[in-house]
Amino acid sequence: MSSSRKHNTLFIKEIYRSIQGESTWAGFPCVFVRLTGCDLRCVWCDADHAFTGGDRLALEEVVDRVEALACPLVEITGGEPLLQPAVHPLMAALLDRGHRVLIETGGHLDISGIDPRAVRILDVKCPASGESQKVRWENLNVLRQGDQVKFVLSDRADYDWARDVVRRYDLPGRADVLFSVAHGLLSPADLAAWLLEDRLPVRLQLQIHKYIWDPDTPRI
């Protein structure tokens, strides 16, 4: 594939409008642009339908489809969106048109080249995910105000590990920090109790779309 085509087309699994279920933007209407492909295999992944398939679309067609849904908030997700070089001009095009753009990444690829106007949501993989050895720790050193760091927790060991990372990198002073339960694996009440006991200044996050709709629905 030519370099120009790599930077002007994307493999897209789906583009749809829903309610944002996570991040500090939870509850707002949001257009999701889900890119195909991921090089991680987290145990609790709820987007494995995006590992393969989808359509190759020109960047302009992706933007047109987003614009047709008439929603100012857009999240680019996957899969792993940073695997596709054209994600960068896509972000720029959407930002230039006045959209608030969130990009969610698995935390193992360099985030420093992401457009500074976008909200970077960095998912730091905890041990029970099976992918914690791939965390790119350098990403935590380039965080800025407005970025968000998410830890998906499956058990107490994950919590202790994430708590230590938060303290070691002084994350609450640098970005919004979200502790999320792996749905069906960890009780939100247990997580709340641990956070209160440790006085940890992070946000407990529930995937609200899984309480609104069937949690096994992959397209929300």
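With the alpha-carbon atoms as the only input, what is the per residue convex hull volume for region 3-208 in Å³?
Enclosed volume per residue, from the Cα hull, is 112 Å³.
Which whole-number value in Å³ per residue fits the convex hull of the alpha carbons of region 27-101? Before the final figure, lay out each step's value.
Working: hull volume 7.2 nm³, N = 75.
Cα-based convex hull of region 27-101, divided per residue, equals 95 Å³.
Less than 10 Å Cβ to Cβ from residue 180, Lys/Arg counted +1 and Asp/Glu -1: what total charge do the surrounding residues give? Please report the intermediate quantities before stating the final value.
On the way: positive: 150, 203; negative: 22, 123.
Neighbour charge sum, excluding residue 180 itself: 0.
Excluding residue 146 itself, calculate the net charge of residues whose Cβ lies under 13 Å from the Cβ of residue 146, where each Lys or Arg counts +1 and each Asp or Glu counts -1. Could you put the intermediate results ahead of the total?
Numbers: positive: 100, 117, 120, 144, 174; negative: 115, 147, 176.
Net charge in that neighbourhood comes out at +2.
Apply the Karplus curve 6.51 cos²θ - 1.76 cosθ + 1.60, θ = phi - 60°, to the phi angles in region 97-107 and return the couplings in whole Hz, x for Gly and Pro.
So the Karplus estimates, Gly and Pro as x, are 8, x, 7, 7, 10, 9, 10, 9, 10, x, x Hz.
Given 70, 194, 53, which one lies farthest toward the positive end of the charge dipole of region 3-208, if we put +1 on the Cβ of every Lys and Arg and -1 on the Cβ of every Asp and Glu?
It is 70.
Report the semi-axes of the equivalent ellipsoid for region 90-149 in whole Å, largest first, where each axis is √(5λ) for an eigenvalue λ of the Cα gyration tensor. Please report the intermediate quantities before stating the final value.
Working: eigenvalues 115, 24, 17 Å².
Its equivalent ellipsoid spans semi-axes of 24, 11, 9 Å.
Rounded to the nearest 0.05, what FRET efficiency is calculated for residue 112 and residue 164 with R0 set to 30 Å and r the Cβ-Cβ distance? Display every interim value, and only then the final one.
Values: r = 24 Å, r/R0 = 0.81.
Here the calculated transfer efficiency is 0.80.
Charges at C-beta only: +1 for Lys and Arg, -1 for Asp and Glu. How large is the resulting dipole of the chain about its Cα centre, in Debye rounded to 20? Display every interim value, and only then the final one.
On the way: 26 positive and 31 negative charges, 72 e Å.
The calculated dipole for the chain is roughly 340 debye.
Kindly work out what percent of the DSSP beta bridges joining two residues of region 3-208 are antiparallel, to the nearest 5.
Numbers: 11 of 36 bridges.
Taking every DSSP beta bridge within region 3-208, about 30 percent pair in antiparallel fashion.
Taking the dipole about the Cα centre of region 3-208, with the C-beta of Lys and Arg at +1 and of Asp and Glu at -1, give me whichever of 87, 107, 28 is farthest to the positive side.
87
Using Cβ counts within 10 Å as a stand-in for footprinting exposure, how do 114, 103 rank, fewest first? List each step's numbers first, then the result.
On the way: 114 21, 103 24.
Sorted ascending by nearby Cβ count, the order is 114, 103.
Compare 41, 97, 199 in a GNM of the chain, Cα atoms joined below 10 Å, and give the one with the largest fluctuation.
199
Just grab the label-to-label distance for residue 187 and residue 134, each label 7 Å out from Cα along the Cβ direction, in nm (one decimal).
Each label point lies 7 Å from its Cα, and together they span 3.2 nm.
Per-residue HN-Hα couplings for region 179-195, Karplus 6.51 cos²θ - 1.76 cosθ + 1.60 at θ = phi - 60°, whole Hz, x for Gly and Pro?
Whole-Hz 3J(HN,Hα) from phi for region 179-195: 9, 10, 7, 5, 4, x, 10, 9, 6, x, 5, 5, 4, 4, 5, 5, 5.
Below 26 Å Cα-Cα, how many Lys pairs turn up in the chain? Only count pairs eight or more apart in sequence, or on different chains, if you could.
Here the count comes out as 10.
Here, each number is a calculation from the coordinates, and none is a lab measurement. All values derive from a computational prediction rather than experimental measurement. Heads up, the Cβs are rebuilt from the backbone with ideal geometry, glycines too, and the neighbour counts pull from every protein chain shown.
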